[in-house]
Amino acid sequence: MQATKERTELIQATSEAFREVMPGVSKAALWGNPEEQHGSITRFKAGFTTPLHTHTHDVRMVIISGTMVHGDADGQKTPLGPGAYCYVPGGTRHTSACTIEAECVFYEEQPGKFDLKTFPDHN
């Protein structure tokens, strides 16, 4: 759903709205559709880690709770706590992780379909 000039939209991401998209990751769409331009609240289980990967489209995130760790292709890891903003340009190799202490919750949006291309042979 997108706000229009005609009305304001208020959406609450309830527990029932979250759908598992892969083991350890669930999303609740706030506007749009993950098959197109969209904004979602995403949850990573505590301890979840992605392999090195890219997305076709830019990703913008704001951390709501927990501590995420953004890793770049060179292995540099940056912890991101509540209130942190992260922008990952489309095509940029990176990892995403959630520390073991608590699940991570963040808002993310993309200008196109969500995808994830992994590089499993990367050490």
Q) Condition test on S26, is it touching a Pro at 6+ places or on another chain (Cβ under 8 Å), touching a residue at least 12 places away in the same chain (Cβ under 8 Å) and surrounded by 14 or more Cβ atoms within 10 Å (Cβ to Cβ)? A) no
Q: Kindly check whether there is at least one residue in the range 1-10 that is more than 15 Å from the chain's Cα centre (by Cα), under 14 Å from V105 (Cα atoms), among the β-branched types (V, I, T) and at pLDDT below 90.
A: no
Q: Within the range 29-75, count every residue that is of a type outside the set (S, T, Y) and over 19 Å from P111 (Cβ atoms).
A: 19
Q. Restricting the search to the range 3-51, which residues are over 26 Å from D72 (Cα atoms), of a type outside the set (A, V, I, L, M) and part of a strand (DSSP E or B)?
A. T4, R7, R19, W31, G32
Q | Single residue of G112, G75, G32, G24 found to be at pLDDT 95 or above and among the small types (G, A, S) | A | G24
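Residue-wise test of (1) part of a loop (DSSP other than H, G, I, E, B); (2) free of Cβ contacts under 8 Å to residues at least 12 places away in the same chain; (3) surrounded by 14 or more Cβ atoms within 10 Å (Cβ to Cβ).
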site	(1), (2), (3)
M61	no, no, yes
G71	no, no, yes
P79	no, no, no
G83	yes, no, no
G91	yes, no, no
T95	no, no, yes
I100	yes, no, no
F106	no, no, yes
G112	yes, no, yes
Q | Matching residues in the range 86-123 - criterion: being over 14 Å from P51 (Cα atoms) and within 11 Å of the chain's Cα centre (by Cα) | A | C86, Y87, V88, C104, V105, F106, Y107, E108, E109, Q110, F114
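The values are calculated or read from the model by the stated rules, or taken from the named source; none is laboratory data. All values derive from a computational prediction rather than experimental measurement. Virtual Cβ from ideal backbone geometry, glycine too; neighbours counted across all protein chains shown.
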